[in-house]
1. Mind listing P(r) for the range B:165-217? All alpha-carbon pairs, 5 Å bins, whole percents.
2. I want to check the label-to-label distance for B:Y255 and A:R59. Put each point 7 Å from Cα in the C-beta direction and report it in nm to one decimal.
3. In degrees between 0 and 90, to the nearest 10, how far off the longest principal axis of chain A does helix A:247-267 point, with axes built from Cα atoms?
4. Quick one: net charge of A:T148's neighbours, Cβ under 15 Å, K/R +1, D/E -1?
5. For the range A:165-255, which trypsin sites (Lys or Arg not before Pro) are both in a DSSP coil and crowded by at most 10 other Cβ atoms within 10 Å?
6. Enumerate the whole-percent occupancy of each 5 Å bin, from 0 to the last occupied one, for all C-alpha pair distances of the range B:194-287.
7. Using the scaling law 2.2 N^0.38 Å as the reference, what is the normalised Cα Rg of the range A:87-224?
8. Please report, in Å, the Rg and the Dmax of the range B:62-286, where both are computed over Cα atoms only.
Amino acid sequence: MKNNLFGYRIKRHGIYDAISKILVFTGAVLMTLPIIWLIASSFKHQMEIYQLPPVLFSRRPTLDNLRQLFVDSKALQWLTNSTLVSLFTTIGTIITGTMAAYAFSKLNFYGRKTLFIIFVSSIMIPNEVMIVPLFNLILKLKLQNTITGMALPAIASAIGFFMMKGFIDSISDSMRESAKIDGASEFMIFYRIILPMCKPGIGALFILTFVRSWNNYLWQLLMGTQKSSMTLMVGVSTLFSDIDPNMALKVAGAAIGAVPMLVVFFVFQKYFTRGISMGAVKG
Amino acid sequence: MNVRTKENINAYLFIFPYALFFVMFIAYMLFDGIKNSFYELSYMKTSFVGLENYKTLFSDEVFLQATGNTLVFVAVIVLIEIIIGLWIASTVFDMKPKFISFIRIGYYIPTIVSMVVMSIVWAFLLDPKGIINYFLKQTGLGSVNFLGDPRFALLTVIFVVFTANIGTTIILYIAAMSGISLEMLEASDIDGVTRFQKVIHIIIPIVRPTTVYILITNIVAVIRLFIAIQLLTGGGPMFSTTTIMYYLYLNAFKYNKMGIACAVGVIMFAIAFILSVPQLNKSIRAE
């Protein structure tokens with residue numbers, strides 16, 4: 001029975017389809033292998049990391065690496081820093097972005113088109129072009145090694161504003177118009193009517209901005225020169241580049257770097273997929 | 001007139017918070033960066049040098065190599081991402097939702113864990129003493145120094161970046177293809193159209209807008225590549241994996257040549273602009 005089904009499938013859809021499907025599925029499995037290796041290896045002893053022939057799971061798993069990461073190194077501090085920085089940027093982006101998006105979407109004002117083009121075209125500017133003056137500015141403000149210094153500049157990104165405008169565009173004008181007839185102020189309309197309707201969009205924007213901020217490596221690297229003020233990604237990479245030959249620690253560090261976003265993804269999956277179609281999630 | 005002004009003021013008030021950030025961290029920084037590219041900045045002095053920085057760059061072998069590397073990165077990564085993304089998405093988009101989900105998640109996991117983690121993992125796996133080389137030796141192909149050999153380093157970095165970014169492309173394409181009417185595809189069966197032909201002549205043209213979007217976003221994203229280079233090769237060996245972006249970083253924060261770094265930044269901006277504008281025009285014309 002099964003044989004027939006398979007043969008029928010090939011006849012129906014062709015060899016190209018059958019081979020493609022097999023290859024694609026195999027690829028999907030292969031893609032996850034490095035991460036499985038990573039997490040399994042974080043419980044290994046130093047010797048087992050480079051043991052040949054390689055073992056996937058440790059013979060005598062140990063929590064030593066994790067203990068070292070959280071007690072000796074500052075993994076917990078890094079985790080906290082990353083969370084605070086990302087929250088800071090995300091909340092700032094949502095507030096400024098949604099307000100500006102409302103104005104561009106529902107209000108008519110002088111300079112609307114020009115300003116919109118200016119804001120949106122800034123998305124195409126590679127941030128790194130501005131990194132030298134930005135670095136000097138933050139240094140001058142004495143904000144290096146601070147959560148503020150790491151989080152602030154990212155709020156200027158126009159992607160949040162662009163996304164929310166698209167979302168607010170799809171909100172019908174009828175409620176707003178009847179509220180205006182009743183004499184409500186613009187701010188009231190925004191706060192009481194539009195904002196509650198934006199919840200899905202804000203949800204997606206929240207996840208997107210949070211993840212992008214979490215992975216904002218270069219800037220956090222420049223801002224975090226002291227071990228205690230580093231974010232998770234920077235801290236983990238410092239462990240990796242460290243001269244100390246403790247391979248197991250480096251691997252466990254990377255595993256710690258991987259876990260938070262994996263958890264976030266699986267919990268907030270639907271916001272991710274919605275967000276990707278609204279804007280873009282970039283690794 | 002009064003109502004109009006009131007609406008204007010309201011709008012400006014709403015825009016003000018964002019505009020503040022924009023002016024301070026984008027507009028002013030862009031202006032400052034361009035201005036600084038005409039200066040030589042060092043500990044002792046700041047002096048106006050006009051186009052000197054640019055002249056230095058264009059006669060700098062490393063910079064020219066970096067430019068070449070950048071173009072190779074962009075061309076290769078964007079091309080294989082689009083081709084393989086199209087292939088994978090067109091293979092699975094009409095399967096059962098559970099399967100599609102499995103595929104999406106599988107290919108997306110490298111993206112979720114971030115470039116930092118993927119770089120570290122691959123650095124371990126590709127190490128001369130690591131697992132991949134072990135298996136290569138077993139099959140008699142001999143070991144390859146993926147990251148230390150100037151012949152292979154660039155391709156290796158391209159591979160790692162590809163694995164970490166293909167997930168997004170697949171998700172975008174699957175989303176675009178999910179709107180394609182399956183009945184229409186089935187209908188062409190009568191004419192004896194093969195699956196492969198359907199993909200090439202029906203599916204790919206339909207998702208063209210998505211392709212343009214992926215093209216634009218990826219070109220800029222590849223130009224900005226930093227993490228993979230920093231963690232895998234540090235720009236080497238012999239600058240074979242140094243890109244314009246990485247060269248900017250080296251000049252600004254390792255060689256302390258801020259003025260030159262700003263000039264590199266301006267050139268980087270120009271290249272990103274030149275490479276993305278044709279795609280934008282293509283998409284505007286398509287509307």
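Where a number appears in this text, it was derived from the coordinates with a stated rule and is not lab data. Fair warning: this is a prediction, and the values are worked out from it, not measured in the lab. We place every Cβ from the backbone using ideal geometry, glycine too, and count neighbours over all the protein chains shown.
1. 4, 18, 28, 22, 14, 9, 4, 1
2. Output for this residue pair reads 5.1 nm.
3. Its long axis makes an angle of about 40 degrees.
4. On the way: positive: A:K140, A:K142; negative: none.
Net local charge, A:T148 excluded: +2.
5. Numbers: sites: A:K165, A:R176, A:K180, A:R192, A:R212, A:K227, A:K250; in loops: none.
In loop regions of the range A:165-255 (DSSP not H, G, I, E or B), there are no sparsely surrounded trypsin sites (Lys or Arg not before Pro).
6. 3, 12, 16, 16, 14, 11, 9, 9, 6, 3, 1, 0
7. Details: Rg = 17.0 Å, N = 138, 2.2 N^0.38 = 14.3 Å.
Computed over Cα atoms of the range A:87-224, the ratio equals 1.19.
8. 20.2, 68
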